[in-house]
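Q: Quick one: structure below, then a few questions.
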Amino acid sequence: MTQLETGYDHDSPDTLHGLAYVAFQELATRIAHRNTGRYSDDPVADRIMIRIAADENLHMVFYRDILSAALEIEPSAAVQAIVDEVLAFKMPGAGIPGFIRKAARIAEAGIYDLRVHRDDVLMPILKHWRIFELSGLDAAAEAARRRLAEHLDMLEVAARKFEARIAGSTAARIARAG
Ligand SMILES: [Fe+2]
């Protein structure tokens, strides 16, 4: 109720940024909804989530393809918008009370975590756009692209740390149970 009453405003500086954000966000929701269905261990809930995830995929394709066109028309501006949105990315629902704690539990359940975010959301879309193969960018877009590469490296390190922590706590649980 709090989330719905507060509403949501991405306050993008422009349309390009808004479109770049939703390209990633729609894929993130597709994967999170699909994994939520699986996690529910309930065949009806699972089928509902499969249906919703299929819609989210269509949303993603729509926005991703608009960005593909933007990359052809205004590559430097499009790259900058994409990088800004990757660096500032927040899942929808970030305004829910206790979101950080909830996001941690969602990650521990394997529904959505840094590994999924990096490897299954950011990378497939960035590869589709061939971001790291584009040429003829202006200096600002080149600098943005370097920041993007650093950010992806940082996410890789953070994802490995998280995986090590989860593996450690699982081992501790098994040891306690034994
Ligand atoms: Fe959607």
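The values are calculated or read from the model by the stated rules, or taken from the named source; none is laboratory data. Everything quoted here is computed from the prediction, not taken from an experiment. A quick note on method: Cβ atoms are made from the backbone with ideal geometry, for glycine too, and the neighbour counts reach across all protein chains shown.
Q: I need a count of the residues in the stretch 11-43 that are closer than 21 Å to Tyr112 by Cα and without any contact (Cβ under 8 Å) to a residue 12 or more places away in the chain.
A: 5
Q: Here's something else I'd like to know. Conditions first: (1) closer than 30 Å to Ser135 by Cβ; (2) part of a helix (DSSP H, G or I). Ala54 passes all but one, so which condition is the exception?
A: Just one mismatch for Ala54, condition (1).
Q: Please work out which residue is modelled with the highest pLDDT, limiting yourself to the stretch 134-178 and to residues that are exposed (fewer than 15 other Cβ atoms within 10 Å of the Cβ) and not in a helix (DSSP H, G or I).
A: Asp138
Q: Out of the stretch 96-112, which residues are touching a Ser or Thr at 6+ places or on another chain (Cβ under 6 Å) and either acidic (Asp, Glu) or surrounded by 13 or more Cβ atoms within 10 Å (Cβ to Cβ) (or both)?
A: Ile111
Q: Give the stretch 58-85 a look and list any residue that's closer than 16 Å to Ile31 by Cβ and buried (at least 16 other Cβ atoms within 10 Å of the Cβ), or say none.
A: His59, Met60, Tyr63, Arg64
Q: Name every residue in the stretch 25-70 that is among the basic types (Lys, Arg) and either within 9 Å of the ligand (Cβ to nearest atom) or farther than 27 Å from Asp84 by Cβ (or both), in order of residue number.
A: Within the stretch 25-70, Arg30, Arg34, Arg38, Arg47, Arg51 qualify.
Q: State all residues of the stretch 20-37 that are surrounded by fewer than 21 Cβ atoms within 10 Å (Cβ to Cβ) and modelled with pLDDT under 95; if no residue qualifies, say none.
A: Of everything in the stretch 20-37, nothing turns out to be surrounded by fewer than 21 Cβ atoms within 10 Å (Cβ to Cβ) and modelled with pLDDT under 95.
Q: What residue, among those in the stretch 98-124 that are assigned to a helix (DSSP H, G or I) and among the charged types (D, E, K, R), is farthest from Arg30 (Cα to Cα)?
A: Arg101
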